[in-house]
Amino acid sequence: MILTSCCLEKNALPHEKYYDFYYSATYSYNKDTLKIQVKNPLNCPLRFSISSPQKSIAEIVTKFGTLTLKEKSDTILNYYVKANGKISLAFHTLYGDLNKAIRKEKMSLPFPNNKVYKVIQGYNGSYSHNTSNSRYAIDFALNINDTICSADDGYVVGVIKDYNRSGKTEEWFDYGNYITVYHSKSGLFTQYVHLIQNGSFVKVGDTVRKGQPIGLSGMTGYTTIPHLHFNVKRPDEKEGLISTDIEFEEGYKGAELTENTIVKK
Ligand SMILES: [Zn+2]
């Protein structure tokens, strides 16, 4: 019986929920004026939208749709509102500016020089690379504690590092550690997923160079084996970021990196 309860607990989803970055949004209501201040703390554009469970308030605050804030900027919005009692708002964010042109450049393989790794899942992989979020992701067979490097110059805009377990069902998708880097020259984002607990060398706000070690591989989240899930992404209106095709300066096209391909850097 003790064994059963131990293992059920081990396979249960984590109780805690960690977030990749924190932003501030404050609001006050005085003399029929609802004043909202939103702040983008990141070195990348951030899209904000506001909602409210109160129908009359929601109609007013959703009028402007989505607000795109440039890197490290803030704004104040004022609305004329007739409200009885407390106002309740919720804030939602998505990475990236839809109006910024994407200028794709070749990236560097996301691990150190002289390393050789096998691809265990490529583009459109049937296991988990079959949604707009992951269609062009590549899984490299890095082992636990292998070094992960930034694929291009950029800014760290998201880090989750506290998870320590994995599971084989899709509900584990949100419980892995990862780093998100924004590449301002190309407008692309890269994500490095399944890192070991506390395996990030970087924090939100850091500047990174192409090839710089940024963390250690692991097997947290939705996976059954240690590996690096490497995903290049671009802003999308509905989904925030979606997966996009990439080429590597080491001579590989992403589409060529199919299952069992050996990749040398
Ligand atoms: Zn993957």
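The values are calculated or read from the model by the stated rules, or taken from the named source; none is laboratory data. From a predicted model like this one, the values you see are computed outputs, not experimental measurements. With ideal geometry, Cβ positions are generated from the backbone for all residues, glycine too; neighbour counts draw on all protein chains shown.
Conditions: (1) closer than 19 Å to Ile179 by Cα; (2) at pLDDT 95 or above. Glu16 meets all but one. Number of the miss?
(2)
Just checking, which of Tyr127, Tyr123 is among the hydroxyl-bearing types (Ser, Thr, Tyr) and at pLDDT 95 or above?
Only one candidate passes the filter, namely Tyr123.
Answer yes if at least one residue in region 201-219 is under 13 Å from the mean Cα position of the chain (by Cα) and more than 16 Å from Gly254 (Cβ to Cβ), and no otherwise.
Yes, because at least one residue in region 201-219 is under 13 Å from the mean Cα position of the chain (by Cα) and more than 16 Å from Gly254 (Cβ to Cβ).
Condition first: more than 27 Å from Asn11 (Cβ to Cβ) and either among the hydrophobic types (A, V, I, L, M, F, W, C) or within 16 Å of the ligand (Cβ to nearest atom) (or both). Now tell me which residues in region 176-185 satisfy that.
Scanning region 176-185 gives Thr180, Val181.
Got a sec? Which strands (runs of 3 or more DSSP E) wholly within region 31-103 have at least 2 residues that are of a type in the set (Gly, Ala, Ser) and not assigned by TED's automatic domain parsing to the domain that holds Asp245?
Counting at least 2 such residues, we get 46-51.
Quickly run through region 120-151 and pick out the residues that are more than 10 Å from the ligand (Cβ to nearest atom), over 23 Å from Tyr95 (Cα atoms) and not in a loop (DSSP other than H, G, I, E, B).
If the condition is that a residue be more than 10 Å from the ligand (Cβ to nearest atom), over 23 Å from Tyr95 (Cα atoms) and not in a loop (DSSP other than H, G, I, E, B), then Thr147 is the only one that fits.
Would you confirm whether or not region 154-174 contains a residue that is outside the structural domain of Glu71 (by TED's automatic domain parsing) and within 12 Å of the ligand (Cβ to nearest atom)?
Yes, there is a match, as at least one residue in region 154-174 is outside the structural domain of Glu71 (by TED's automatic domain parsing) and within 12 Å of the ligand (Cβ to nearest atom).
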